[in-house]
Amino acid sequence: MTTHFFGDTAVLLGRSLRHIARSLDTIITTAIMPIAFMLLFVYVFGGAINSGSDSYVSYLLPGILLITIASGISYTAYRLFLDMKSGIFERFQSMPIARSSVLWAHVLTSLVANLVSLVVVVLVALLMGFRSGAGVLAWLAVAGILILFTLALTWIAVIPGLTAKSVDGASAFSYPLLFLPFISSAFVPTATMPGPVRAFAENQPVTSIVNAIRDLFTGQPVGADIWTALAWCVGILVVAYFFAMATYRRKIS
Amino acid sequence: MSTDAAIQVRGLQKSYKKLEVLRGVDFEVAPGSIFALLGSNGAGKTTVVKILSTLLKADAGEASVNGFDVVAQPAEVRQSISLTGQFAAVDEMLSGRENLVLVAKLRHLKGAGAIADGLLDRFALTDAAARKVSTYSGGMRRRLDIAMSLIGNPPLIFLDEPTTGLDPEARLEVWDAVRELAARGTTVLLTTQYLDEAEQLADRIAILHEGRIIVNGTLAELKRMLPPAEVEYIEKQPTLEDVFLAIVGHE
């Protein structure tokens with residue numbers, strides 16, 4: 001039945017995209033929290049933060065984009081959980097379709113929904129004074145990193161989506177992910193942090209990803225950060241995919 | 001063991017951890033018949049249905065559906081069945097018509113729109129076709145659920161407790177839908193905990209109790225197992241169901 005994989009995935013993707021189009025509030029909710037953080041940090045704390053950059057909103061945006069993704073993928077888990085709970089997942093699995101297309105449709109939907117949220121957040125940042133001298137290539141590189149990061153976190157989200165017993169359980173996993181950017185270079189330079197915190201901040205994935213995107217936005221030459229960032233994204237992606245697929249196979253066997 | 005049975009089950013066993021749900025289930029279902037699997041809550045009816053629809057693997061025993069082994073030929077089994085699960089598996093965010101089109105496309109059929117319109121008409125859902133399913137009543141939802149199962153004309157349909165949680169009117173609607181299915185030659189395996197439902201619909205009834213089929217026969221055969229009927233004269237009072245249906249104007 002694998003011959004139908006692309007067709008079935010396209011049909012199911014169309015279904016999930018309809019869900020999103022009919023509940024635009026989920027995308028807006030996803031974007032509201034990062035926008036609120038951005039307003040808070042730029043207009044309340046920002047004056048007191050010495051980021052060593054001319055425009056704090058420009059300094060802040062990369063971290064805000066990662067928070068947007070971390071908050072967006074909890075909806076991926078939520079949508080998957082609802083499919084499991086409502087029985088429609090079982091209906092699909094008992095039909096002559098390529099079975100993994102059910103999962104891929106959710107993953108691709110997550111990508112589309114997060115890209116929409118990201119565009120909304122970037123537009124708000126532009127209104128708040130974010131400016132970038134980045135060229136087309138640099139923007140493409142930023143988009144590439146964000147897509148990889150979204151895919152990596154989405155495959156993590158698949159696991160609670162498949163296994164959760166309650167709605168709360170399906171989305172609770174994203175709280176630690178939302179917290180990670182705060183202990184990174186996203187809001188303040190890591191140099192001000194005390195030793196152990198600084199060591200954690202400088203060696204966790206968010207810092208390298210934030211630094212890479214920031215360099216791309218400001219037109220700086222990207223150093224080793226981009227390779228570290230890519231390694232983290234691909235590494236998380238592969239591990240999460242492996243565990244998600246193992247969970248999925250357990251569910252459908 | 002006849003080779004042309006729609007369903008053949010031999011020595012089916014299944015445990016969840018230490019809980020033995022099925023301890024050697026045997027039965028056969030003839031093509032074109034309605035077979036009711038009767039049992040109380042937790043008797044293992046849903047487990048049997050899940051194994052036969054390839055959603056679950058048995059620990060031991062054999063099962064074949066439309067001549068295909070559920071373990072060795074799951075794709076062929078899925079092609080030849082439809083499952084209507086315990087809870088109406090419909091997409092709440094889509095309209096009734098979109099639900100039907102979705103299933104028709106997933107069954108790789110041409111003319112999905114026309115198939116959807118035909119079923120909407122047949123199940124008296126045309127007026128509600130464009131409405132989101134989340135606005136449907138329980139009976140409408142179940143009818144849509146069954147309509148979705150008919151797409152592609154699978155020769156065998158599993159109905160897992162199709163009327164649990166429905167009000168009396170909706171229940172009669174579902175019964176009519178099931179009778180019509182059988183009239184068109186579809187084999188139906190129905191699970192239910194309602195004795196009258198089995199009595200009303202089924203050609204054969206099997207009672208699943210403590211992991212085994214303890215009785216299997218036609219209604220007449222089952223009745224012969226009891227002591228002969230005694231003749232008594234009683235005044236027949238209307239049941240509450242009769243009263244309810246008379247008041248709300250069901251014809």
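The values are calculated or read from the model by the stated rules, or taken from the named source; none is laboratory data. None of the values given here were measured: they were computed from a predicted structure. With ideal geometry, Cβ positions are generated from the backbone for all residues, glycine too; neighbour counts draw on all protein chains shown. All accessible areas refer to the heavy atoms of the entire protein, side chains included, with ligands and DNA or RNA removed. Shrake-Rupley method; radii C 1.70, N 1.55, O 1.52, S 1.80 Å.
For this structure, a couple of remarks:
- Residues of the range A:218-253 whose accessible area (probe 1.4 Å, heavy atoms of protein chains only) drops by at least 20 Å² once all protein chains are present, relative to their chain alone: A:253.
- Summary value for the range B:1-81: 34 percent relative contact order, contacts being C-alpha pairs under 8 angstrom separated by 6+ residues.
- Complex-versus-alone comparison for the range B:116-144, residues with a loss of 50 Å² or more in accessible area, probe 1.4 Å: none
- For residue B:93, the accessible area of its heavy atoms, probed at 1.4 Å with every protein chain present, is near 50 square angstrom.
- Mean accessible surface per residue for chain A, computed with a 1.4 Å probe while every protein chain stays in place, in Å²: 43
- Note on residue B:230/residue B:127: beta-carbon distance plugged into 1/(1 + (r/R0)^6) with R0 of 60 Å gives a FRET efficiency of 0.75.
- Computed label-point distance, nm, for sites residue A:36 and residue A:222 using a 7 Å Cα→Cβ extension: 3.2
- Inter-chain shielding of A:6-18 (mean C-beta neighbours from other protein chains, 10 Å cut-off): 3
- A prolate overall shape is assigned to the protein assembly as shown, the ratio a/c of its alpha-carbon gyration tensor axes (a ≥ b ≥ c) being 1.5 or greater and a/b exceeding b/c.
- Accessible area of residue B:203 in the full protein assembly, 1.4 Å probe (Å², nearest 10): 80
- Stretching residue B:40 away from residue B:179 to a fully extended chain increases their span by 47.7 nm, per 0.36 nm per residue minus the current alpha-carbon distance.
- Contact order relative to length of the range B:139-215, as percent, for alpha carbon pairs under 8 angstrom and 6 or more apart: 30
- Here the spin labels are modelled as points 7 Å beyond Cα on the Cα-Cβ line, and at residue A:199 and residue A:24 they lie 5.0 nm apart.
- Under a model in which nothing but the beta-carbon of Lys, Arg (+1) and Asp, Glu (-1) is charged, the protein assembly as shown shows a dipole of about 1480 debye around its Cα centre.
- List of the range B:61-77 residues, accessible area with partners at least 30 Å² below that of the chain alone (1.4 Å probe): B:75
- If you take the Cα centroid of the range A:1-21 and the Cα centroid of the range B:113-129, the two points sit 23 Å apart.
- For residue B:60 and residue B:237, the difference between the fully extended length at 0.36 nm per residue and the C-alpha to C-alpha distance is 58.8 nm.
- Gaussian network model of chain B, springs between alpha carbon atoms under 10 Å - residue of B:31, B:227, B:154 with greatest fluctuation: B:227
- Residue-level accessible surface for residue A:75, protein heavy atoms, 1.4 Å, Å²: 50
- Distance between the 7 Å Cα→Cβ label points at residue B:114 and residue A:147: 3.9 nm.
- Selection from A:39, A:65, A:29 lying farthest towards where the dipole of the range A:2-252 points positive, charges on Cβ: A:29
- Chains B and A together bury some 2400 Å² of accessible area, summed over both sides, with a 1.4 Å probe.
- log10 of Debye I(q)/I(0), alpha-carbon scatterers only, for the range A:2-252 at 0.07, 0.09, 0.13 Å⁻¹: -0.25, -0.41, -0.82
- Gyration tensor verdict on chain B (Cα atoms; rounded if a/c is under 1.5, prolate if a/b is larger than b/c, oblate otherwise): oblate
- Between residue B:19 and residue A:122, the C-beta separation translates, for a Förster distance of 41 Å, into a calculated FRET efficiency of about 0.15.
- GNM top mover of B:234, B:151, B:214 - chain B, alpha-carbon springs below 10 Å: B:234
- Carbon/sulfur fraction of accessible area - the range A:130-238, other protein chains in place, 1.4 Å, %: 73
- Among complete DSSP H helices in chain A, those whose alpha-carbon atoms stretch at least 30 Å along the helix's long axis and whose mean Kyte-Doolittle hydropathy reaches 1.6 are A:101-127, A:136-163.
- Per residue of peptide A:80-91, the mean number of Cβ atoms on other chains within 10 Å of the residue Cβ is 5.
- Among A:11, A:102, A:158, the largest mean-square fluctuation in a Gaussian network model of chain A (Cα springs under 10 Å) belongs to A:11.
- Look at the stretch A:94-102: the mean tally of other chain Cβ atoms within 10 Å of its residues' Cβ atoms is 6.
- Additional length obtainable on full extension of the chain from residue A:242 to residue A:17, 0.36 nm per residue less Cα span: 78.5 nm
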